[in-house]
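Please read the structure below before turning to the comments.
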Amino acid sequence: MAVSIRTDGEAAGLASSSNRSATGASWDQPILLRLVSIALFAGIWEVAGRIPVSFAFPTFSDTVVAFFGLLADGSLATAYLSTLQPLVLGVVLSAFLGVSLGTICGLWRTGEWLVIPVFIVLQAAPVAAFIPMVTFVYGIGMTAKTLAVMILALPVIVLNTYKAVRNVNESLLVMCRSFLGTNWQTVAKIILPDASPVIFAGLRLGVAAGFVGVVLAELLITPTGIGDLITFHRSRADYAEMYATIASIIALSTLTLVFLQWVEVRVFRPESRGA
Amino acid sequence: MGATALRNGPSPVPAPIDSIVEVRGISKTYGNVEALRGIDLDFPRGKLTSLLGPSGCGKTTLLKIIAGLIRADGGTVAINGKRVSAPGPERAFVFQDFALMPWATVTRNVAFGLELRGTNKAEREEIARRYIAEVGLAGFEDKYPHELSGGMRQRVGLARALSVDADVLLLDEPFSAVDEQNRRKFQEDLIRLRTNQNKTFIFVTHSIEEAVYISDRIVLLSPRPGRVSQIIEPEIDRSGDPERIHRDRHYLDTVDEIWQGLKQYVE
Ligand SMILES: Nc1ncnc2c1ncn2[C@@H]1O[C@H](COP(=O)(O)OP(=O)(O)OP(=O)(O)O)[C@@H](O)[C@H]1O
Ligand SMILES: [Mg+2]
């Protein structure tokens with residue numbers, strides 16, 4: 001039970017923070033504030049790198065230079081090509097599978113009893129520990145990486161979807177029935193739109209977890225892609241390159257989450273756009 | 001009794017000439033709470049009938065049984081002579097809590113009943129626009145529910161029920177979440193709608209004044225178990241100024257009469 005509470009907390013936290021940035025998206029000074037915040041961050045990084053806090057900690061400017069170096073010699077592109085395939089595949093599969101499974105469990109008692117406990121355990125478990133096992137079974141290829149992504153991404157997506165569907169607004173269900181909605185119409189026109197904020201909170205957490213999964217897989221087992229690039233530069237003590245790689249994947253992950261939120265507001269909850 | 005027709009006792013009321021909804025022997029028990037016992041009622045076509053009674057006497061339960069949203073333990077409901085036990089196109093419900101989809105505009109909410117029926121988009125939006133204007137919300141077509149006041153939201157709920165062109169409109173305390181000014185305005189609109197639309201309204205309320213003001217017929221329910229205790233037909237001329245009606249002798253007498261009848265159930 002503690003597990004499910006955790007999901008709620010995370011979902012709620014993310015939902016409220018997303019609300020805040022949605023308010024910011026009203027295109028006035030918040031943009032400026034955000035730029036200031038980024039500049040401040042870069043400044044502190046630069047100072048920390050110059051002190052230096054550690055010989056392995058590059059300055060911000062060195063990291064930026066290293067980033068363009070990696071872009072120019074093509075190593076970043078090659079690494080992302082290898083990392084993005086399992087990541088995108090795993091995330092897309094988790095999203096479809098997770099939302100479908102969660103919806104079914106939310107609607108159908110037997111499914112709930114069969115499936116939900118598994119995901120509660122999975123979410124509680126330090127799933128990263130399964131990754132070597134996955135490699136053992138599926139080798140070190142694309143399948144293993146995709147599975148690593150899914151193991152991390154799926155539980156939170158399933159559990160959030162399940163909870164959202166479970167807690168759908170009862171009076172809207174009655175309304176739909178009174179206006180002669182069929183079961184399919186009820187799911188498509190009431191349950192999913194009503195559940196979408198919590199489902200999307202789950203998707204955002206799932207996508208973030210998918211990034212963790214793919215990097216872990218590449219660091220732990222399959223020395224390819226971004227994980228390999230990080231390990232490689234560390235072994236050569238090219239710390240600026242290493243940090244540039246790490247920063248690039250963090251940036252990509254952030255951009256993906258922002259995009260997901262944009263889709264949510266655009267497609268599912270137009271009323272929250274101006275709110 | 002002046003112009004007020006009064007029939008006493010729980011015995012079945014003689015059927016009026018043309019009743020659109022016939023309720024026979026309806027009973028309903030929740031666990032060990034007997035919510036309704038042996039309800040026999042006829043609702044005359046084209047009239048506004050109120051179900052009035054103290055809290056917990058089973059008004060909502062009866063209305064939802066007529067709507068087909070709750071199954072009765074015993075008895076039957078017939079609409080236009082046909083027995084029903086599920087929601088149908090001849091009835092439309094207006095919900096106490098509005099039940100609007102927050103992610104949909106006023107137009108889509110109003111057109112939702114038609115959307116579920118598969119009416120094409122252009123046609124249903126045309127119909128929705130007409131009823132949005134009818135309930136006085138023209139100009140708000142593209143707003144979302146959270147941008148509207150409580151009174152306006154309930155107008156959306158009313159327009160949605162009107163747009164499916166049902167014969168019977170079922171309203172469960174539609175004004176309880178609406179402020180007093182809006183409530184007055186809304187009551188006047190309802191009287192006007194009833195004259196224009198030629199629909200049958202079944203209206204749940206626990207306000208005696210409201211019931212007397214808008215109803216052709218008032219069914220008083222007594223609690224534990226819910227039964228019909230009295231049927232009153234206030235014959236009030238509503239053509240004039242609404243303020244005058246509120247000072248009308250018959251109006252005041254009827255309100256007082258009902259209050260005398262209900263007082264025994266209130267501690
Ligand atoms: N789902 C339910 N489960 C158990 N008891 C219920 C349920 N719904 C209603 N009741 C009980 O049945 C009785 C009648 O309820 P109902 O909601 O029909 O009353 P009401 O006249 O609409 O009251 P109010 O004026 O408060 O809305 C009440 O005593 C209530 O507690
Ligand atoms: Mg009620």
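Each 10 Å bin, from zero up to the one with the longest distance, holds this percent of the alpha carbon pairs of chain A: 6, 24, 29, 25, 11, 4, 1. Sorting A:W184, A:W262 on solvent-accessible area from highest to lowest, probe radius 1.4 Å, gives A:W184, A:W262. Computed over neighbours whose Cβ is under 11 Å from that of B:E34, the net charge equals +3, Lys and Arg +1, Asp and Glu -1. The alpha carbon convex hull volume per residue for the stretch B:77-225 rounds to 134 Å³.
Its Cα centre serving as origin, the stretch A:127-255 has a Cβ charge dipole (Lys and Arg +1, Asp and Glu -1) of approximately 340 debye. Probing with 1.4 Å while keeping every protein chain in the model, the per residue accessible area of the stretch B:35-79 equals 28 Å².
Taking θ as phi - 60° and the Karplus parameters 6.51, -1.76 and 1.60, the scalar couplings of the stretch B:161-166 work out to 5, 5, 5, 7, 6, 7 Hz in sequence order, x denoting glycine and proline. Surface composition of the protein assembly as shown: carbon plus sulfur atoms contribute 62% of the solvent-accessible area (1.4 Å probe, protein chains only, all chains present).
Computed from the C-beta positions of A:I31 and B:H246 and an R0 of 51 Å, the FRET efficiency is 0.35 to the nearest 0.05. Relative to its Kirkwood radius, the Cα radius of gyration of the protein assembly as shown gives an Rg/Rh of 1.14. Normalised by the number of residues in chain B, the mean separation of alpha-carbon contacts (under 8 Å, six or more apart) gives a relative contact order of 28 percent. Given +1 at the Cβ of Lys and Arg, -1 at the Cβ of Asp and Glu and no other charges, the dipole of the stretch B:187-267 around its Cα centre is 360 debye to the nearest 20. Legend: distances between Cα atoms for A:K163/B:K64; B:K185/B:K263; B:K28/B:K59; pairs beyond 19 Å are A:K163/B:K64; B:K185/B:K263.
In this structure the amide hydrogen of B:K47, modeled in the peptide plane, comes within under 5 Å of the amide hydrogens of B:F201, none closer than 5 places in sequence on its chain. Label sites at B:T29 and B:E209, each approximated as a point 7 angstrom past Cα along Cα to Cβ, lie 4.0 nm apart. Across the protein chains, with a 1.4 Å probe defining accessible surface, the residues A:M142, A:M150, A:M133, B:M101 rank A:M133, A:M142, A:M150, B:M101 from largest area downward. Between A:F41 and A:A124, the FRET efficiency estimated from the beta carbon spacing at R0 = 30 angstrom works out to 0.35.
For the stretch A:136-151, the Karplus equation 6.51 cos²θ - 1.76 cosθ + 1.60, evaluated at θ = phi - 60°, returns couplings of 4, 7, 10, x, 10, x, 4, 4, 4, 5, 4, 5, 4, 4, 5, 4 Hz by residue, with Gly and Pro reported as x.
With R₀ set to 51 Å, the beta-carbon distance separating B:E147 from A:E112 gives a calculated FRET efficiency near 0.90.
Each residue of the stretch B:220-235 was assigned a 3J(HN,Hα) from its phi angle through the Karplus expression (A = 6.51, B = -1.76, C = 1.60, θ = phi - 60°), giving 8, 9, 9, x, 6, x, x, 9, 7, 9, 6, 10, 10, 10, x, 9 Hz with x at Gly and Pro.
Think of a 1.4 Å ball rolled over the protein heavy atoms: the stretch A:57-268 then has 46 Å² of accessible area per residue.
The values are calculated or read from the model by the stated rules, or taken from the named source; none is laboratory data. Nothing here was measured: the structure is a model prediction, and the numbers come from that model. In this analysis, Cβ positions are derived from the backbone assuming ideal geometry, glycine residues included, and neighbour counts consider all displayed protein chains. The protein model used for the area step is the full one, side chains on, heavy atoms only, and it has no ligands, DNA or RNA in it. Shrake-Rupley method; radii C 1.70, N 1.55, O 1.52, S 1.80 Å.
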